[in-house]
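Let me begin by presenting the structure, written as structure tokens, before commenting on it.
The values are calculated or read from the model by the stated rules, or taken from the named source; none is laboratory data. From a predicted model like this one, the values you see are computed outputs, not experimental measurements. Positions of Cβ are generated from backbone atoms using ideal geometry, with glycine treated the same way; all protein chains shown enter the neighbour counts.
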4 protein chains.
Amino acid sequence: MYCPFWQWRTRGAMDEESQLNGLRPVKGVRIGAHTSIDELMTGLRSSAFGAGRLAKAVDIFTEMQTEETTKFMGVAGALVPAGMRTILAELIRDRYVDVVVTTGANLVHDIIEALGEHHYLIGSTSTGAYGDRDDAWLRTQGIDRIYDVLVHDEAFARLEAFLHGVFEHMSGRRYSIREFITVIGEHLSDPDSILRSAVECNVPVFCPAIADSMIGLHAWLYKQMGSLEVDAFDDLKELVELFSVAPRAGALILGGGVPKNFIFQAALVAPRPAGKDGLDYAIQITTSTPEDGSLSGATLEEAKSWGKVSEHAKTVTLYGDATVALPLIVAAVRGRLNR
Amino acid sequence: MYCPFWQWRTRGAMDEESQLNGLRPVKGVRIGAHTSIDELMTGLRSSAFGAGRLAKAVDIFTEMQTEETTKFMGVAGALVPAGMRTILAELIRDRYVDVVVTTGANLVHDIIEALGEHHYLIGSTSTGAYGDRDDAWLRTQGIDRIYDVLVHDEAFARLEAFLHGVFEHMSGRRYSIREFITVIGEHLSDPDSILRSAVECNVPVFCPAIADSMIGLHAWLYKQMGSLEVDAFDDLKELVELFSVAPRAGALILGGGVPKNFIFQAALVAPRPAGKDGLDYAIQITTSTPEDGSLSGATLEEAKSWGKVSEHAKTVTLYGDATVALPLIVAAVRGRLNR
Amino acid sequence: MYCPFWQWRTRGAMDEESQLNGLRPVKGVRIGAHTSIDELMTGLRSSAFGAGRLAKAVDIFTEMQTEETTKFMGVAGALVPAGMRTILAELIRDRYVDVVVTTGANLVHDIIEALGEHHYLIGSTSTGAYGDRDDAWLRTQGIDRIYDVLVHDEAFARLEAFLHGVFEHMSGRRYSIREFITVIGEHLSDPDSILRSAVECNVPVFCPAIADSMIGLHAWLYKQMGSLEVDAFDDLKELVELFSVAPRAGALILGGGVPKNFIFQAALVAPRPAGKDGLDYAIQITTSTPEDGSLSGATLEEAKSWGKVSEHAKTVTLYGDATVALPLIVAAVRGRLNR
Amino acid sequence: MYCPFWQWRTRGAMDEESQLNGLRPVKGVRIGAHTSIDELMTGLRSSAFGAGRLAKAVDIFTEMQTEETTKFMGVAGALVPAGMRTILAELIRDRYVDVVVTTGANLVHDIIEALGEHHYLIGSTSTGAYGDRDDAWLRTQGIDRIYDVLVHDEAFARLEAFLHGVFEHMSGRRYSIREFITVIGEHLSDPDSILRSAVECNVPVFCPAIADSMIGLHAWLYKQMGSLEVDAFDDLKELVELFSVAPRAGALILGGGVPKNFIFQAALVAPRPAGKDGLDYAIQITTSTPEDGSLSGATLEEAKSWGKVSEHAKTVTLYGDATVALPLIVAAVRGRLNR
């Protein structure tokens, strides 16, 4: 006589209903020819894994817009060479974000495009760097590669000329890095530029590791002859103050690295109104995972132990390529807010 | 006197225009409140990294629908517990795919939902398995966890009763795994079921590792008392024939594993019309990367060395969570084809 | 007057000593010219992240050898083409493992080497598949690529001739997959072969997805003309019985996939002595991470909710390439046990 | 009549011998109770995937020691909390490395341990942050978590007191970040400290993103009352000069991030002796992969297009956790050089 395995196994287990009571069931989404991005993201709320997290990211970023919140954005990874520049600039112009912390490289490539230079797509890296040519050949042609994107040395030559021109206009006074970046942005005119948009809209741009970029390199080269004084630490005051006066504080972290840590460090030390401790909202999109112990992949729960993120914060980590997730989140939130 | 670094460096480099001639420049996409998924994916064609690959996946999957193509789909990873079931079932019903190769687990969880049972969302795993309770506690409650999804032992008890009922109706003849699965599907009625949809629409479903699932387990338990004969190898004939008669062959590979290899193996050995060799289209969505040498993360270029993918195939690998990419690709292609 | 930030922050926090009492401090390891692998692994017990996990894997695998334990090993990923074949064969011969569950591909490549054929190293894949030649060119040369390893079609031709010769010697009776594999192993003579070693040492080898390999392919081709009957489900009985009689059960899981699931599934359903539930030891080495919800990357904690792993089991997951970790673990355990 | 598939397929393919001529065959390594780390790494030269790369890393790092080479080391990720501090300090003391570029966090945690404070191991994060307690609870206890490592706020309070004491001894002149770090190191006495070791051995330590660390935070807090001037860009001169005078230049990159980019940026711009261009040796150990386009995961081939790495450089990228690979490489190289 057959004794059903699962019936035997489940004996004594408490009633299913009571245990799973209050949990939402997974529900499939139906997709038609006219499903909007907003509808799709709403539908994915009842999915799990990455899909559910993407839907939650849309919900949190929407709430960050509708509640009175100071919105910090961290930008790491080569998002500008990848084509995310316009989206980022328009997030600033439409004030979806209020403060930007970025790597130097994204500023460099933003300026290069603002100067009329381009990044080029090779589509794939699977058969050598550029079809059947390799990276050593690219070197002989003055072409530099960023995964499946190429940029010519001429673009960097033009950046150099531009930056040295800007530096000549800078006064002899000591600048914070934020101020230094702002002066550069004032010399740009491209409305699709992240930096130009930020300067126009009074969105401060921080870049603590600016020395680790072509901008830092040219600042140093310039200093061999002229005067240019930029302080390594002055920015912290301004960033901490932005947190201190924030009614609520939210962060959209694209890619980890220094920008994530710099935002979280300020959240940790900033005195907040009574009862507040760290960020109220945090969205993290990263290809790093927690298992190697790196800050880039660290969970937002871990950040709560430090007080970087509030115990009661609304948070989500989406593991994956920000170039995939960012356009979707932006499109869904714009659709939802109709702006 | 300052000697510009990049000017010196680029001396002798060939003319920029000629070298990058023919390459498309990266272009940012503009996103508004009414941007459709199709428009967004079209815009991302001029982005790089994951964004560009996602756009290319949409283009290839669209062409697979408009050209006369036999469309194979590999389904690995816990896509059904994650909520992708309806999307997959409707892809079958609307004949976006013609042949399915899956893991046993996805069939198991598809049947569980077809029987009226549910998977439940816990939203996050960051503080233990279930809020502040751990996995050992879940065990005492008869609850089983799949990352951020829970399912109760009762669901498996119901699956067991259902399967044993089906097995009793099976004749004494030898079945191929595909035939065996089809009989199971004939006993389901839920139109959102992947398996029921496949049976209704004459879409064959292959599952070479069926033994490695609850279905295999119950088949074995049943065989202790009754007769049930399923051959391990018979399916290959049918799968190879599907390739042999395909005017063009395309694959949408969700997640690697056995389904990817089984489709590629058939593509390798199937005799094709003159000049053909392997798949004409291949889209791969995977969280595995090539660097560990695994088949799941192997590039589609590597597959060309084996003849699994045609030298002239249109291919793209999207690195990331299929639960994020699949809904977007499906929505964009449905929007583009207006069906 | 400066008010120290951390002094203010830590006010009211409970006494450090009491809270962190019982936790071991991180301690650096000192490495000299004569540090042995065993000593190094012992030293890394006081490290965190991957280093601490590697040390723990060595400790658990050692205990699995010294306690009376039935040791299951799962082998996924292209470990044989990568050069792990001798290590795996010797683990079997020296009875460090008692039961093997593998992918078909590892058996295929094991047999190829047993027949005197070779895999070849290209060292890197960074400039195309093979220096400046691409995968389409490899195809024209009859060379097949597995990441940075090449194998010639001739090796597969030889495999084919061998397998068909074996099949001709098989009787008309129905075989389980395990029995079928054993017959193949009996026709090999290479002592470095995993399969030959297993057959000689009465270590059963399971391969539930055998159809998804060149062996399955040739079994099917042979069946077009001759008789060969292999049952898809018969193996479960044997595997479950191995668990049922195990005084303790331990698993070394190399790489996830079907082998991991098949071992865990048997652990789930096997009746165990009173109070036992699932594996007593589990070591998992995988490049998959939990965040995508896949079984390959699933934590061993998650497995406890299913009863696949005992609540009180000693477990460790090492995230990384098994070709790096396996030789180290084996060397350390051999050093520690002096055999 | 059976027509062998592979025989048919391989017809026309060129002779196996000629094609694979010159390639080394994969060979298994034999591991005994007394196999040394050096022997094991030598044996793994004939393995592929991660194992072969690890062996190559050992070979390259050995050659960097025996050839006249300036050896740069990049240190990213939480290597000090993970227990790698002693290994790193001894690499400096024994002059296996000549120049260090690090994140601020590794300096912070190095100083904390130099002050007698500890990091603590929790062994696993699988059931909440600390056994069954979560991160919010840790916050109430003044305990901060770094994956599976804990550190108490008291440690940071002690760091703060120490740093403010150091700052008071600094003169009013402008410091480069390297000089600023050196002064801090001069106030330490722990011989196991990375920073103390570097100061004693005249190994310069660069930290371009120092503002993004507790050191930067306290420097800013101090500046609210006292005088402390640290220039953001001055370091580049010194780093570039170290490259310019290097007979050969080699880099051991642990973990990507700013340290990798800063070393590579200096390699790009430094004038080198005739015919030289970029690094002659590069070893990269990273959990990032190239597919997301990030600098951290970028291949060393890509770096050749920029001239950061020489066309003829000996290079290897090992994908994985540096806490696993570093101790092995160090042990093997120390064994090989017998020092």
Any hit, region C:118-127, residues being β-branched (Val, Ile, Thr) and at pLDDT 95 or above: no
Hits in region B:51-64 (condition: of a type outside the set (Phe, Trp, Tyr) and in contact with a helix residue (DSSP H, G or I) (Cβ under 6 Å, 6 or more places away or on another chain)): B:ALA51, B:LEU54, B:ALA55, B:ALA57, B:VAL58, B:THR62
Test: residue in region B:66-84 that is in a helix (DSSP H, G or I) and either touching a residue at least 40 places away in the same chain (Cβ under 8 Å) or within 23 Å of C:LYS308 (Cα to Cα) (or both): yes
Test: D:VAL29 is at pLDDT 95 or above and in a loop (DSSP other than H, G, I, E, B): yes
Residue check, B:ALA303 small (Gly, Ala, Ser), closer than 16 Å to B:GLY50 by Cα and either surrounded by 23 or more Cβ atoms within 10 Å (Cβ to Cβ) or within 16 Å of the chain's Cα centre (by Cα) (or both): no
Those helices (runs of 4 or more DSSP H) lying entirely in region C:212-273 with at least 1 residues over 26 Å from B:LYS223 (Cα atoms): C:214-223
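Residues of region A:177-214 being hydroxyl-bearing (Ser, Thr, Tyr), surrounded by fewer than 20 Cβ atoms within 10 Å (Cβ to Cβ) and touching a residue at least 24 places away in the same chain (Cβ under 8 Å), which ones?
Filtering region A:177-214 for residues hydroxyl-bearing (Ser, Thr, Tyr) gives A:182, A:189, A:193, A:197, A:213.
Restricting the remaining residues to those that are surrounded by fewer than 20 Cβ atoms within 10 Å (Cβ to Cβ) gives A:182, A:189.
Matches in region A:177-214: A:SER189 only.
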Any hit, region C:52-66, residues being modelled with pLDDT under 95 and either closer than 15 Å to D:ALA322 by Cβ or more than 7 Å from every other protein chain (Cβ to nearest Cβ) (or both): no
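Collect the residues in region B:44-58 that are of a type outside the set (A, V, I, L, M, F, W, C) and free of Cβ contacts under 8 Å to residues at least 24 places away in the same chain, keeping them in residue-number order. Walk me through it before giving the result.
Here is the first cut: in region B:44-58, the residues of a type outside the set (A, V, I, L, M, F, W, C) are B:45-47, B:50, B:52-53, B:56.
B:ARG45, B:SER46, B:SER47, B:GLY52 - these are the residues of region B:44-58 that are of a type outside the set (A, V, I, L, M, F, W, C) and free of Cβ contacts under 8 Å to residues at least 24 places away in the same chain.
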Check on D:LEU295, in contact with a Gly (Cβ under 9 Å, 6 or more places away or on another chain), within 30 Å of A:GLU238 (Cβ to Cβ), at the interface with another protein chain (Cβ under 9 Å from one of its Cβ atoms) and buried (at least 24 other Cβ atoms within 10 Å of the Cβ): no
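Quick check on my filter: what residues within region D:236-264 are closer than 22 Å to A:PHE180 by Cα and modelled with pLDDT of 95 or more?
D:VAL258, D:ASN261, D:PHE262
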Residue count, region D:286-339 (criterion: of a type in the set (Gly, Ala, Ser) and farther than 27 Å from D:ALA270 by Cβ): 5
Residue list for region A:264-290, filter: crowded, with 24+ Cβ neighbours inside 10 Å and of a type in the set (Asp, Glu): A:ASP280
Identity of the residue in region B:299-314, assigned to a loop (DSSP other than H, G, I, E, B) and in contact with a strand residue (DSSP E or B) (Cβ under 8 Å, 6 or more places away or on another chain), that ends up nearest to the other protein chains (Cβ to nearest Cβ): B:THR299
Test: B:PRO208 is at the interface with chain C (Cβ under 9 Å from one of its Cβ atoms) and part of a loop (DSSP other than H, G, I, E, B): yes
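So in region D:162-176, with the set limited to residues that are of a type in the set (Gly, Ala, Ser) and surrounded by fewer than 16 Cβ atoms within 10 Å (Cβ to Cβ), which one is nearest to D:GLY116 (Cα to Cα)? Give the derivation first.
The initial filter retains those residues of region D:162-176 that are of a type in the set (Gly, Ala, Ser), namely D:165, D:171-172, D:176.
From what's left, surrounded by fewer than 16 Cβ atoms within 10 Å (Cβ to Cβ): D:165, D:171-172.
Values: D:GLY165: 16, D:SER171: 27, D:GLY172: 30 Å.
Looking at residues that are of a type in the set (Gly, Ala, Ser) and surrounded by fewer than 16 Cβ atoms within 10 Å (Cβ to Cβ), I get D:GLY165.
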Set A:VAL166, A:VAL151: member being more than 12 Å from chain B (Cβ to nearest Cβ) and touching a His at 6+ places or on another chain (Cβ under 8 Å): A:VAL166
Which numbered condition D:LEU159 fails, given (1) crowded, with 18+ Cβ neighbours inside 10 Å; (2) within 30 Å of D:LYS223 (Cα to Cα); (3) facing another protein chain (nearest Cβ under 9 Å); (4) over 24 Å from the mean Cα position of the chain (by Cα): (4)
Some residue of region D:297-306 being under 16 Å from A:ASP135 (Cα atoms), among the acidic types (Asp, Glu) and in contact with a Pro (Cβ under 8 Å, 6 or more places away or on another chain): yes
Lone unmet requirement of (1) under 24 Å from B:THR103 (Cα atoms); (2) surrounded by fewer than 24 Cβ atoms within 10 Å (Cβ to Cβ) for C:GLU241: (1)
Condition met for C:ALA198 (modelled with pLDDT of 95 or more and either over 26 Å from C:GLY172 (Cα atoms) or not hydrophobic (A, V, I, L, M, F, W, C) (or both)): no
Residue in region B:86-102 that is at the interface with another protein chain (Cβ under 9 Å from one of its Cβ atoms), touching a helix residue (DSSP H, G or I) at 6+ places or on another chain (Cβ under 7 Å) and not aliphatic (A, V, I, L, M) present: no
Selection count, region C:91-104, where residues are assigned to a helix (DSSP H, G or I) and within 14 Å of the chain's Cα centre (by Cα): 3
